[in-house]
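S.K.: Attaching a single structure in structure tokens format; questions to follow.
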Amino acid sequence: MKESLVNDILFRRAFFTAMIIGTLCRFFVLRVKDKQYPSRPQDYLEQLIMAGLAASLGAIAFPALIDKEFSALTFLAVGIQQFQGLSKQEKITLENIDYDDMVIKGSPLIDNISSTYEVRSYVSLLSALLASIIYIYASRKYNASMLVCTILAALGGCFVGLIFVRLLRRDNISDVSDVYLAQIEFDGPVLNVNGVYMDNIGLKDTRKRFLEKAIAIELIPKDMSGFGTLCDVGQQQAIMHNIYIHLGVDNDADEKDIWSIARIDLNKKSLVIIMMPLYKDEVTFMQAAGSTPVIDTAKRKLSAYKKKGFDF
């Protein structure tokens, strides 16, 4: 059995340092899932375990490569397959519970969540890999002390984490449109918001509830590309779901005459949304709509107008 080019002490120090750094870097982009059962404690534990496993794979890859143990690198491929499997399982879980929500997420948003969930799993692996490389290189090349190697490895791991934070940042609806409060009114049984037809409400009690409790907003895009984003049905559903997460909805599952409605105003090139939240807070309502991420399926809609410099 050939002797390793990385001595045992250096390997142990580099491995544990890189694993800890990779696990900590995962928390830079930590997102805990919100499901219908109390899940936050177990989600933190799940993320911690996955981060530790991914970081250990990244930490051991470089020493294995130095010793030409290429068979050990197959664990990286196995790890990536596991990340993809977790992403698929996350998608299946979200799809199974989506229709139990009063305001559903919709398939585009679920796909967006699951794909991002997979990418975040690579943060620990790559940050630990870079930390391991820096630690071993600094120790062997410059005979640096343990403290210096640890600091350099931590800086390298944080650099990878910051890159992922930047790459995973998504535009919000407030980046592509302006959000304004809208006026709710009835023309007989016809519900209008800023002059846009929304629905036909037959019961007087229901019309009274809309006037007293509902909140309506109008989203005016900043350009035609933004209007294309707002036209996407999946994006509209994502906005309403984000509002629902923050404020809930003031209706029961069997109340078929009260629901969240989104309509496009083709004349003004805007999106109008009306919902009846449990807590009537207009400021939070507008902030929730503006903070909704732009989902992948809604991007680059009507992008030809943007290339030509077309504006309103």
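S.K.: Grab the beta carbon distance between Lys208 and Asp175, set R0 = 22 Å, and tell me the FRET efficiency rounded to 0.05.
M.R.: Taking R0 as 22 Å, the efficiency between Lys208 and Asp175 is 0.05.
S.K.: Can you tell me the accessible area per residue over the chain, all protein chains present, probe 1.4 angstrom, in square angstrom?
M.R.: Solvent-accessible surface per residue comes out at 54 Å².
S.K.: For His241, His246, give me the order by solvent-accessible area with a 1.4 Å probe, most accessible first, ignoring ligands, DNA and RNA.
M.R.: His246, His241
S.K.: Pick from Asp223, Asp252, Asp171 the residue whose mean-square fluctuation is largest in a GNM of the chain, springs joining Cα atoms under 10 Å.
M.R.: The residue that fluctuates most here is Asp252.
S.K.: Choose one answer from Ile134, Ile66, Ile239: the residue with the largest mean-square fluctuation in a GNM of the chain with alpha-carbon springs under 10 Å.
M.R.: With Cα springs under 10 Å in the chain, the top fluctuation among Ile134, Ile66, Ile239 is at Ile66.
S.K.: Still on this model: Under 8 Å for C-alpha pairs, at least 6 residues apart: give me the relative contact order for the chain, rounded to a whole percent.
M.R.: 19 percent
S.K.: If you don't mind, another one. For the chain, what are the per-bin percents of Cα-Cα distances with bins 20 Å wide, up to the bin holding the maximum?
M.R.: Answer for the chain: a P(r) of 28, 43, 24, 6, 0 percent.
S.K.: Sticking with this structure for a sec: Over region 102-234, consider all pairs of different Cα atoms and compute the Kirkwood hydrodynamic radius from their mean reciprocal separation; express it in Å, one decimal.
M.R.: Evaluated over region 102-234, this radius sits at 19.9 Å.
S.K.: Do any of Lys213/Lys268; Lys268/Lys299; Lys91/Lys222; Lys68/Lys88 go past 28 Å between their Cα atoms, and which?
M.R.: In this structure, Lys91/Lys222; Lys68/Lys88 exceed 28 Å between Cα atoms.
S.K.: Let me ask something else. Rounded to the nearest percent, how much of the accessible area of region 55-210 (1.4 Å probe, protein heavy atoms only) is carbon and sulfur?
M.R.: 60 percent
S.K.: In Å, what Kirkwood hydrodynamic radius results for region 174-213 from the alpha-carbon pair distances?
M.R.: 11.2 Å
S.K.: Next up: Assuming a viscosity of 1.002 mPa s and a temperature of 20 °C, what translational diffusion coefficient in µm² per second does Stokes-Einstein assign to region 50-108, Rh being the Kirkwood radius over Cα pairs?
M.R.: So the translational diffusion coefficient is about 155 µm²/s.
S.K.: Would you work out the relative contact order for region 175-312, in percent, from Cα pairs under 8 angstrom that are 6 or more residues apart?
M.R.: That works out to 32 percent.
S.K.: Sort the following peptides by mean Cβ neighbour count (other Cβ atoms within 10 Å, averaged over residues), highest first: 182-189, 117-124.
M.R.: Per-residue Cβ counts within 10 Å, averaged per peptide and sorted highest first, yield 117-124, 182-189.
The values are calculated or read from the model by the stated rules, or taken from the named source; none is laboratory data. Model, not experiment: these values are computed from the prediction. Glycine also receives a Cβ, built like all others from the backbone with ideal geometry; neighbour counts cover every protein chain displayed. The area values use the complete protein model at the heavy-atom level, side chains included, leaving out ligands, DNA and RNA. Shrake-Rupley method; radii C 1.70, N 1.55, O 1.52, S 1.80 Å.
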